[in-house]
1. How many residues does region 172-201 contain that are more than 16 Å from Ser247 (Cβ to Cβ) and either acidic (Asp, Glu) or in a helix (DSSP H, G or I) (or both)?
2. Do you know which residues across region 89-121 are assigned to a loop (DSSP other than H, G, I, E, B), out of contact with any Lys or Arg (no Cβ under 7 Å at 6 or more places or on another chain) and under 14 Å from Ile38 (Cβ atoms)?
3. Checking Pro277 against (1) within 30 Å of Ile301 (Cα to Cα); (2) without any contact (Cβ under 8 Å) to a residue 24 or more places away in the chain; (3) touching a Ser or Thr at 6+ places or on another chain (Cβ under 9 Å): exactly one of these is not met. Which one?
4. Any idea how many residues of region 18-59 are β-branched (Val, Ile, Thr) and within 14 Å of Met83 (Cβ to Cβ)?
5. Collect the residues in region 28-87 that are β-branched (Val, Ile, Thr), assigned to a helix (DSSP H, G or I) and surrounded by 21 or more Cβ atoms within 10 Å (Cβ to Cβ), keeping them in residue-number order.
6. Looking at (1) under 23 Å from the mean Cα position of the chain (by Cα); (2) surrounded by fewer than 20 Cβ atoms within 10 Å (Cβ to Cβ); (3) assigned to a helix (DSSP H, G or I); (4) in contact (Cβ under 8 Å) with a residue 60 or more places away in the chain, which is the only condition Leu125 fails?
7. Limited to region 335-374, what total is found for residues that are in a loop (DSSP other than H, G, I, E, B) and of a type outside the set (S, T, N, Q)?
8. Tally the residues that are surrounded by fewer than 24 Cβ atoms within 10 Å (Cβ to Cβ) and not in a loop (DSSP other than H, G, I, E, B), restricting the search to region 148-171.
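Readers should treat all values here as calculations from the given coordinates under stated rules, not as data from a laboratory. Keep in mind that this is a model prediction, so the values were computed, not measured. Neighbour counts are summed over all protein chains in view; Cβ atoms, including those assigned to glycine, are modelled from backbone coordinates with ideal geometry.
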Amino acid sequence: MDIIVQKYGGTSVANIRKIKSIAKNVSKLKKKNKSIVIVVSAMAGETDRLHNLTEKISKIPNEREYDEIVSSGEKVSAGLVAMALMDLKVKSISLAPAKFGLLTDDLHSKATILSVGTKAIKDYLKKGYVVVVPGFQGVNSKGDTTTFGRGGSDLTAVALASGLKASHCELLKDDVDGIYTTDPKLYKDAKKINYISYAEMLEMSSLGSKVLQAKAVEYANNLKIKLHVKSTSNSSKGGTWVMDEKSIPIKEQNAVTGITHDLKQSKITISGIEDKPGVASRIFKPIGAAGIVVDMIVQNISTDNKTDLTFTIPKVDLNKTLKILKTNRAKLNYDKLIENKDIALISIVGAGMKTHTGVATKMFDTLSKSKINISMISTSEIKISCVIDQSKCKKAIKSLHKEFKLG
C-alpha cells in the first residue's frame, strides 16, 4: 500500500469550515487511490481551555485525571473530521489509540511511546477507509490515557508513519507554510527555510520554536522518517523538509540556520546551599523523577562553603518544582528560593557552527550593542542560548537576525 500520513494542527481544524476544507482535500487524495491516515490536534484554543479548567479546580491537578481531560479535544476533532469525510461519501472512521495499540509508559503529561500497533489501521485501510486518529495521546499498560506534552500530535503522526512504513510524514499547518529563520509573527523579515537537519530542528524545537514538537523530531531522527512541513491551504507546493544533514544541498547550509525564543521558561535560584559533593544530585534527582526537564544550570563561586545554584525549567512545572524543593528543604539545607517568570531564552542554531569560528562572540557583541544583559549562557555543538529579560526578547531577535543575515 502507498500510505500517506498527514497531521493537521489546531489552527487547521479551528472551525467547521476548515474541517470541511480538510475533508475536501483528503477526498481528492482518496480518488487517486491513496491509503490515508489523518492525525488531528484539538481545535485551536481547546487544549488551553481544558487546561485552564483543571487549574480552576486544583493548583497541581491529579496527573491521571488531567490527561483524561486535556486529551478529549483531539477526540472531538477526530470525530468531526471523520464525519465530514462521511458527508462527502468517503468511508472514514476515527480510531482512538486504545483501539489500535499505541502503548506508552506510565508518565502522564510527558509519556514516551513504547510500541505502535498498526494491524487495526491496516485492516481499515485495506477496506478503503480513511483512518482518523486523535493525536497527542496513547494508553499505558493499565489502559489509562497518557499524553505527550504540547505539540504531541506531531509525535503521534511520526510514530504512525514509522509503524506503517510511509515514505515520509506530512505535517500541515494553517498558520505557517514551513519552518522559518525565526518567528514571522515577531519579525516580518523572517525567511522560510527549504531544508533543515534533524539536529538543527531538534534544537530549535527544544528551544522554543512552536512549529514542531522536539520529541517528534527526535523520534523522526532515530527512525530516519523525513518530515515535510507545509501549508494546509497550499499543500502541493513548497514547505520545509526536515531530514538527515548529509542529504541537504550544500547551498542550503549556513553557519546559523535560525533563531528561536522561549517565553515559557522560568528560573529558580536556590540560595545558600552547601558547596560539597552530592548536593546537586539531591536537588535534581527528585526533579528528574517527576519528569521535569531542567535546561540551564549555573552555580556561583563558593563563599564560606556556601553557594547559590540557578536553573531553568518550563513555567508549567514551576509550582511542582517549588513543591519538591520545599518538601526536601531539610535534606538540602538551603536559605531561600528565588523564582523568576519574566525571562526569555534566546538561541541561535546552526550545524555550520561546527566549522565556523567567532559565532558566539558575534552573538554576545550584538546583544551588548543592543544593551541586552545576559544572565545565563548555555552552548552545544550547534547552538548558543542566552537567558535575558523577557521585555528585551523582540529586540534581541531583530538584532541577531540582521547580524547573521538570515533575512
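1. Result for region 172-201: 5.
2. At the first step, the residues of region 89-121 found to be assigned to a loop (DSSP other than H, G, I, E, B) are 89-91, 95-96, 101, 105-112, 117-118.
Now narrow it down to the ones that are out of contact with any Lys or Arg (no Cβ under 7 Å at 6 or more places or on another chain): 89, 91, 95, 101, 105-107, 109-112, 117-118.
Passing the criteria: Lys91, Leu95.
3. Answer for Pro277: the failing condition is (3).
4. Going through region 18-59 one residue at a time, the tally reaches 5.
5. Filtering region 28-87 down to residues β-branched (Val, Ile, Thr) leaves 36-40, 47, 54, 57, 60, 69-70, 76, 81.
Subsequent filtering for residues that are assigned to a helix (DSSP H, G or I) retains 47, 54, 57, 69-70, 76, 81.
Correct list: Thr47, Val70, Val81.
6. (1)
7. At the first step, the residues of region 335-374 found to be in a loop (DSSP other than H, G, I, E, B) are 335, 341-342, 350, 355-358, 370-374.
Going one step further and asking which of them are of a type outside the set (S, T, N, Q), we end up with 335, 341-342, 350, 356, 358, 371-372, 374.
Result for region 335-374: 9.
8. Residues of region 148-171 that are surrounded by fewer than 24 Cβ atoms within 10 Å (Cβ to Cβ), as a first pass: 149-151, 162-168, 170.
From what is left, the residues that are not in a loop (DSSP other than H, G, I, E, B) are 162-163, 168, 170.
Number of matching residues: 4.
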